[in-house]
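Working notes, structure below.
The values are calculated or read from the model by the stated rules, or taken from the named source; none is laboratory data. A quick note: this is a predicted structure, and the numbers were derived from the prediction, not measured. Glycine also receives a Cβ, built like all others from the backbone with ideal geometry; neighbour counts cover every protein chain displayed. For accessibility, only protein heavy atoms count, side chains too; no ligands or nucleic acids. Shrake-Rupley method; radii C 1.70, N 1.55, O 1.52, S 1.80 Å.
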Amino acid sequence: QNIHLVAKWLSCLEKKLEQLSQGSHRDFRVFVSAEPAPCPESHIIPQGILENSIKITSEAPTGMHANLHKALDNFSQDTLEMCSQEKEFRSILFALCYFHAVVAERRKFGAQGWNRPYPFSTGDLTISVSVLYNYLEASSKVPYDDLRYLVGEIMYGGHITDDWDRRLCRTYLEEFIKPEMLEGELCLAPGFPLPGSMDYDGYHQYIDDALPPESPYLYGLHPNAEIGFLTQRSERLLRALLELQPRDSSAAQGALGTQEEMVQALLEEMLEKLTEEFNMAELLAKVEERTPYAVVALQECKRMNALTAEIRRSLTELELGLKGELTMTSDMETLHNSLFLDTVPESWVRRSYPSTASLGSWFADLLARISELEAWTRDFSLPPTLWLGGFFNPQSMLTAVMQTAARKNKWPLDKMTLQCDVTKKSREDFASAPREGAYVHGLFMEGARWDAQAGTITDARLKELTPAMPVVFIKAIPDDKQDTRGLYPCPLYKTRQRGPTYVWTFNLKTKENPSKWVLAGVALLLQ
């Protein structure tokens, strides 16, 4: 619906209610239902209505315990008795309830849970159970593959728009719905075996008795995932508090002096540290051969110029505004507030790269990126190790590795892939770039860690949320030379927000079943 029309209608409603508050029937009530607003701009219910109403919210159940009971509540003893293959039907129905509870509740872990939030509903579960019933009635053998496909790719998969989330959904079903489930050998979570055939109340009782206490293990995640999402929740709360602080200087007169002085000092420091823009004409003259790597370097310098020019322009303008030489505009006000709240200003973000950092660390990171580019463009020879996270467009760098190999070996580009070997060394141990490919530093792993001695992925240590990776050697090989056994295809993202910040897929060695790392939401990050 059109939000402006709704806002207009609500203010009419407010006036109407005011008129009706006098002299109407004493049992007269107005019921208004609303859904949570996606952003502050959509907070359009007038204050008057909110203050005079009793508010009731319907909270979804939290935790696996409540969610599993709620999933089972959609059925009854009659459901359990309706299928001729009773034992199979009951086992798979219970597994589907657990699957439903897991995918719904995994949302709370943020991007490590799902890349994007999805509206899974009880309808998905009840339709999946109907499909299960129809299939079991029609065939004497349990069609595991068909069931997994229908539930994972259509009923639930129909909501899913991200390929990695689709893989996650598929992997849960591969773990929960398979022939072993009827032999009593299947655990839905560590310490929670799939129950055998029971009656309806028996299943509810089994959940109360056997389900371990709430923890990330119930979802296949590492306990660190909880630390991550609780930290992010606290950060959001504290930021909201910070934004509610009084802004006028008289109230905030403290040890730090006024807000103006603070912003003035920060602004001067930034302008002083900000380097000159890259001289593109000079750089172009220096490039002897436009190799794929040189093209990437030039593109990066160009984008960096656009960003630093905007930073310099907006800071200089604000400085004149604070001195009273220019009239303060709303853009200048916004910049002023960002500097005070230590957030990256909107006009910089638009020309920038995804980042979750506060302004202070973002600016230090910006200066580091500039000095990397300066070093690289002195003579355009590839640095000993590349800081992949320092690029606006890391994909272009990885593509350049493939293009260089394709030209050198006369291979077709579309029949190539990147091979990723994790070394045992750190950045300091490399003096020169490899003969082919590139060494890459500055990667982090979330959801697990890299065991450098064994050369495989292994369980994360408690409280180490994003351990650093050793230097990684990237080189291009023909598709058919890729051996995929014992590898976990690991997504690489620019930030912990994952989702749209996806860069590439690196295959990493694993001794354990790759499905373990899929459920644990294991990914590589550039920040």
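About its Cα centre, segment 317-468 has a charge dipole of approximately 860 debye under the convention of +1 per Lys or Arg Cβ and -1 per Asp or Glu Cβ, with nothing else charged.
Label-to-label distance, residue 281 versus residue 121, with points set 7 angstrom from Cα along the beta-carbon direction: 6.3 nm. For segment 51-63, backbone phi angles converted through the Karplus equation (6.51, -1.76, 1.60; θ = phi - 60°) give residue-by-residue couplings of 5, 8, 10, 8, 9, 10, 10, 9, 9, 5, x, 10, x Hz, Gly and Pro being listed as x.
Residues in segment 326-370, backbone N under 19 Å from the label point at residue 258 (7 Å along the Cα-to-beta-carbon vector): list them, ranges by number please. Those under the cut-off are 326-330, 332-341. Between amide H atoms placed 1.01 Å from N, distances below 5 Å from residue 416 occur with 479, all of them 5 or more places distant or on a separate chain.
Between the listed residues 405, 440, 503, the Cα displaced farthest toward the positive end of the dipole of segment 383-526, a dipole computed from Cβ unit charges relative to the Cα centre, is found at 405.
What does the charge dipole of the chain about its Cα centre add up to, to the nearest 20 debye, if the Cβ of each Lys and Arg holds +1 and the Cβ of each Asp and Glu holds -1? Don't skip to the end; give the middle numbers.
Numbers: 55 positive and 71 negative charges, 230 e Å.
Dipole magnitude for the chain comes out near 1100 debye.
For residue 508, the residues whose modelled amide H falls within less than 5 Å of its own, excluding neighbours fewer than 5 places apart on the same chain, are 488, 490.
Name the trypsin sites (Lys or Arg not before Pro) in segment 287-381 that are in a loop by DSSP and that have at most 11 other C-beta atoms within 10 Å, would you?
Numbers: sites: 290, 302, 303, 312, 313, 323, 350, 351, 369, 378; in loops: 290, 351, 378.
The qualifying sites are 290, 378.
In this structure, residue 295 and residue 231 have a Cβ-Cβ separation that, at R0 = 41 Å, corresponds to a calculated FRET efficiency of about 0.55. Rounded to whole numbers, the Karplus 3J(HN,Hα) couplings from phi for segment 402-418 are 5, 4, 4, 5, 4, 5, 5, 9, 6, 9, x, 4, 6, 10, 10, 9, 9 Hz, using 6.51 cos²θ - 1.76 cosθ + 1.60 with θ = phi - 60°, and x at Gly and Pro.
Label reach from residue 6 (point 7 Å along Cα→C-beta): in segment 43-69, amide nitrogens under 13 Å belong to 43-46.
As a test of the formula, what do you get for the chain when each DSSP H run with n ≥ 4 contributes -39,500 (n - 2.57) and the sum is divided by the residue count, at 222 nm and rounded to the nearest 500 deg cm²/dmol? Display every interim value, and only then the final one.
Numbers: 18 runs with 238 residues, N = 527.
One gets -14500 deg cm²/dmol as the mean residue ellipticity at 222 nm.
Take the Cα of residue 317, step 7 Å toward its Cβ, do the same at residue 178, and the gap between the two points is 5.9 nm. Where both bridge residues fall in the chain, DSSP classifies roughly 85% of the beta bridges as antiparallel. Residue farthest toward the positive end of the dipole of segment 258-381, with Cβ of Lys/Arg at +1 and Asp/Glu at -1: which of 367, 329, 340? Of the listed residues, the answer is 367. Here the 3J(HN,Hα) profile of segment 2-9, calculated from phi with Karplus coefficients 6.51, -1.76 and 1.60 at θ = phi - 60°, is 6, 5, 5, 5, 4, 4, 5, 4 Hz, Gly and Pro shown as x. Solvent-accessible surface of the chain, taken per residue with a 1.4 Å probe and all protein chains present: 54 Å².
Quick check: residue separation of residue 364 and residue 41 times 0.36 nm, minus the Cα distance between them. What number comes out in nm?
Details: separation 323, 0.36 × 323 = 116.28 nm, distance 3.18 nm.
Result for the pair: 113.1 nm of gain on full extension.
If each residue of separation counts as 0.36 nm, what is the full-extension length gain between residue 484 and residue 82 once their alpha-carbon separation is subtracted? Spell out each step's value before the answer.
Numbers: separation 402, 0.36 × 402 = 144.72 nm, distance 4.40 nm.
That works out to 140.3 nm of additional length.
Carbon and sulfur atoms: what percent of the 1.4 Å accessible area of the chain do they account for?
Details: 14850 of 28240 Å².
It is 53 percent, rounded to a whole number.
Loop-resident GluC sites (Glu not before Pro) (DSSP state other than H, G, I, E or B) in segment 304-349 with no more than 14 further Cβ atoms inside 10 Å of their Cβ: 325. Between residue 22 and residue 429, full extension at 0.36 nm per residue minus the direct alpha carbon distance yields a gain of 138.4 nm. Computed packing ranks the peptides 271-280, 212-221, 33-42 as 212-221, 271-280, 33-42, most packed first, by mean other Cβ atoms within 10 Å.
Restricted to Cα atoms, segment 258-381 shows a radius of gyration and a Dmax of 16.4, 54 angstrom.
Simple rule: put +1 on each Lys or Arg Cβ and -1 on each Asp or Glu Cβ in the chain, find the dipole, and look at 4, 292, 228; the Cα lying farthest toward the positive end is 292. Surface calculation, 1.4 Å probe, protein heavy atoms: residue 451 sits at approximately 50 Å² accessible. Assuming charge only on the beta carbon of Lys and Arg (+1) and of Asp and Glu (-1), the dipole of segment 258-381 about its Cα centre is about 480 debye to the nearest 20.
Using the Cβ-Cβ distance between residue 107 and residue 271 with R0 set to 45 Å, the FRET efficiency works out to roughly 0.55.
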